[in-house]
Amino acid sequence: SATRWSRIQAGAFDYIVRRFWKPIRRFFANRLPSLDEAEDATQELFLAFLAREALGRADPEKGPFRRYLFQCARNFLIDRHRAQVAAKRGGGGRDVPLEAVGDPAAENVDLAAAFDQEWFRSLFDQALAVMKADAEKRGKPESYRAFHLYYFGDGSGEDWPQKRIASELRLPLTQIYNYIQRGRTRFGQELRAVIAEYAGSEQEIETDFASVAGFFESSASRRKSRGGEA
């Protein structure tokens, strides 16, 4: 992780964009009036990193990198909000519905929680992509699909208990159970590997892993409670 932190501090822009663009964009999308504005804001934020050499000021001894990014994103929203308020009062600029944005300075706790959720979802995406590619490489795409259906569904919002998955994939229930258990273990390993890419220490890896694992468990429990389990 020390090598990866050096890449962050050196401003390895391609690496930063590849790993951290998505959670920032998702975070902005939930705070700004449109997806286009969220995309533009994300680009502006990353360009500001380059112009101000902000990444070089990231310090692994001062806390998680995701917390540093959150503060940058939060400050960006605050500056943007203040500029819009000033433009509205002065009669200049676009007529932006400020109530749709709210004042980020007054919502720090909620913003931090929202940012963490988008960050964790991004980690999920990265870990799942590795698992899917590996399952396909091994000629076992059904192993990944069983795990994904059970914990993440198919995008419809419906619950996928093990019996339904077994019927869908035409596999024995015991095989589905094994796929899910092995997938859960592998998912944890891949999440830890992704976290290690930005974490500055073993303690930070464990702290972030505990946080993302808790979010995973609570998200899975909420989905299961809506649809029941069999």
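Across the protein chains, with a 1.4 Å probe defining accessible surface, the residues Arg145, Arg182, Arg67 rank Arg182, Arg145, Arg67 from largest area downward.
Which FRET efficiency value, to the nearest 0.05, do you get for Gln203 and Ile78 by plugging their Cβ-Cβ distance into 1/(1 + (r/R0)^6) with R0 = 35 Å? The computed FRET efficiency comes out at 0.70. Charges were assigned to the Cβ only: +1 to each Lys and Arg, -1 to each Asp and Glu. The resulting dipole of region 105-215 about its Cα centre is roughly 920 debye. In the assembled protein chains, Val17 presents an accessible area of approximately 40 Å² (probe radius 1.4 Å). Asp110 contributes about 110 Å² of solvent-accessible surface, heavy atoms of the protein only, 1.4 Å probe. Label-to-label distance for Ser219 and Ala193 is 1.9 nm, based on points extended 7 Å past Cα in the beta-carbon direction. Largest to smallest in accessible area, the residues Asp208, Asp134 fall in the order Asp134, Asp208 (1.4 Å probe, all protein chains included).
The values are calculated or read from the model by the stated rules, or taken from the named source; none is laboratory data. Values in this document were obtained by computation on a predicted structure and should not be read as measured data. Note that we place each Cβ from the backbone using ideal geometry, even for glycine, and neighbour counts take in every protein chain shown. Side chains included, ligands, DNA and RNA excluded: accessible areas come from the protein's heavy atoms. Shrake-Rupley method; radii C 1.70, N 1.55, O 1.52, S 1.80 Å.
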